[in-house]
Amino acid sequence: MNGIKILLITGVVFIAVYFFVRLRNSLFDLILILLLVCAAVVFILFPEITNQLAHNLGVGRGADLVFYTSIIIFWYVILKLYARIRKLEQVLTIFIRKKSIEEADEKSC
C-alpha cells in the first residue's frame, strides 16, 4: 500500500467518524454513509474494480464513474439541505406568528 492510499483511507475514515459523532442523523443517512465509506475504501485499495465496473456500465474510466456518482451524491446532499432549510423556515415562521399574536394580546389587555 502506497502513501496516497493511506492518506485517502485516513481521510475517508476521519470524515465518517466526524459524521457519526457530530451529525447524528436518521438511520437511512447512517447506513448510506457507512456504505459510501466501505465503497470508498474498497475502491481506494482496489482501483481496478472501478475500471471494471465502469466498463460494465458503459463509462470509459473508473475515475469518470466515481466523478459521475459523486455528482449524484452531491445533488442528494443539496436537496436534503434545501428541504431542511425549508422546514426550519416554516418552523420559524410559525413560532414568530405565535409570539407576535401573544404580544399583541398582551398589549391589548
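The values are calculated or read from the model by the stated rules, or taken from the named source; none is laboratory data. Model, not experiment: these values are computed from the prediction. So basically every Cβ, Gly included, is an ideal-geometry build from the backbone, and we count neighbours across all protein chains shown.
Does Ser26 count as of a type in the set (Gly, Ala, Ser) and under 14 Å from the mean Cα position of the chain (by Cα)? Please lay out each step first, then the result.
Values: of a type in the set (Gly, Ala, Ser): yes; under 14 Å from the mean Cα position of the chain (by Cα): yes.
Answer is yes for this residue.
Test each condition in (1) surrounded by 10 or more Cβ atoms within 10 Å (Cβ to Cβ); (2) assigned to a helix (DSSP H, G or I); (3) of a type in the set (A, V, I, L, M) for Val59 and report the one that comes out false.
Failed condition: (2).
Of these, Phe74, Phe28, Phe43, which one is closer than 25 Å to Met1 by Cβ and in a helix (DSSP H, G or I)? Working first, answer last.
On the way: Phe74 fails: closer than 25 Å to Met1 by Cβ; Phe28 fails: closer than 25 Å to Met1 by Cβ.
Every option except Phe43 fails the conditions.
Suppose we filter the stretch 24-41 for residues that are more than 16 Å from Val13 (Cβ to Cβ) and either surrounded by fewer than 12 Cβ atoms within 10 Å (Cβ to Cβ) or modelled with pLDDT of 85 or more (or both); how many remain? Lay out the reasoning, then the answer.
Looking only at the stretch 24-41, we keep the residues that are more than 16 Å from Val13 (Cβ to Cβ), and these are 24-29, 31-32.
Imposing the further condition that a residue be either surrounded by fewer than 12 Cβ atoms within 10 Å (Cβ to Cβ) or modelled with pLDDT of 85 or more (or both) reduces the set to 24, 26-28, 31.
Final tally of qualifying residues: 5.
Among the residues in the stretch 77-94, are any part of a helix (DSSP H, G or I), out of contact with any Lys or Arg (no Cβ under 9 Å at 6 or more places or on another chain) and under 25 Å from Ile4 (Cα atoms)?
no
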